[in-house]
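The values are calculated or read from the model by the stated rules, or taken from the named source; none is laboratory data. Predicted model only: the values in this text are computed from it and were never measured. All Cβ positions, even for glycine, are placed from backbone atoms using ideal geometry, and neighbour counts span all protein chains on display. Remember, those area values only see protein heavy atoms, side chains included, never the ligands or the DNA or RNA. Shrake-Rupley method; radii C 1.70, N 1.55, O 1.52, S 1.80 Å.
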Amino acid sequence: MGEILGILLDPLRYAFMVRGLIAAVVAGGLCALVGTYVVLRGMAFFGDALAHSILPGLALGYLLSGGSRAHLFWWGLGTALLAALVIGALSRGGRLKEDTAIGILFAGAMALGVVLISTSRSYAVDLTHLLFGDVLGVGEGDLIRLAIFAALVVALIFFFYKEFLVVSFDPVLAVTLRLPAAFFDHLLRVLIAVTVVVALQTVGVALMVAMLVTPAATAYLMTRRLPAMMALAVLLAVLSAVVGLYASYYAGVASGAAIVLTATALFLIVRLAHNGRGASG
């Protein structure tokens, strides 16, 4: 018992581990909550495109600030919001399907990001943490910012829960109730964009889509009701964050990758144990 307690408490002697644990739990839970809509509405490609579309904004912000990382969050947030709105604009009116608009923006943004990254060798090294995450580098200011934006996203999701539910599952009813479906579609894209940016430091651009999709997909296999799916997804994401961070500490591996691998392992266990089940509100 004493050994187990020691294993649990030893990493917490370090302030960076405590901050990293809090950040991973909050960011993971937020990704899982928003990820329920990503899974149910088939928006995984959208989330992946948003994560990669941030790259040119981060690169431009880094270059213009002379190598400072202080304002990269705001550059990433602005880029993600712009990308989300551009995708909506390109696909509006039905002339261009959303997945086509996403593919165009994804490819263009990635290409621009690579061009900017290639302009400086030191730049490529400095921003490696953005690709694969640096949760152990989270500072107190980062935690406060994460908490504020996470609280804002959660509040909007629960405040507009019924509207998101109707728009997502019954578009005909949404028209009957005269709900502004386009507005809520855009709002959901904005919430996904904010979530991607605030969780970026936890798992990085390369692994972001996994935290949006995997816990929610695991919960999707376990329940038929949306509220239960949300609760389970958050619980699984928090468990993945804690187990993954401890595993990275003792195994000496990348924290973001360890968190994602834990979430993936939980999905495989549940998938083997359960037949696929749907979710409803």
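Val253 falls short on exactly one of the conditions (1) part of a helix (DSSP H, G or I); (2) open to solvent by 20 Å² or more (accessible area, probe 1.4 Å), and that condition is (1). Do we have Arg92 as modelled with pLDDT under 70, open to solvent by 90 Å² or more (accessible area, probe 1.4 Å), in a helix (DSSP H, G or I) and among the basic types (Lys, Arg) here? Judged against the criteria, Arg92 is a match. When Val213, Val203 are checked against the criterion of being of a type in the set (Val, Ile, Thr), open to solvent by less than 10 Å² (accessible area, probe 1.4 Å), modelled with pLDDT under 95 and touching a Gly at 6+ places or on another chain (Cβ under 7 Å), Val203 stands alone in meeting it.
When Ile259 is tested against (1) within 20 Å of Leu143 (Cβ to Cβ); (2) among the hydrophobic types (A, V, I, L, M, F, W, C); (3) at pLDDT below 90, only condition (3) is not met. Between Ala124, Ala155, the distinction of being at pLDDT below 80 and part of a helix (DSSP H, G or I) belongs to Ala124 only. How many residues does the stretch 38-64 hold that are farther than 23 Å from Val115 by Cα and crowded, with 22+ Cβ neighbours inside 10 Å? The qualifying residues number 3.
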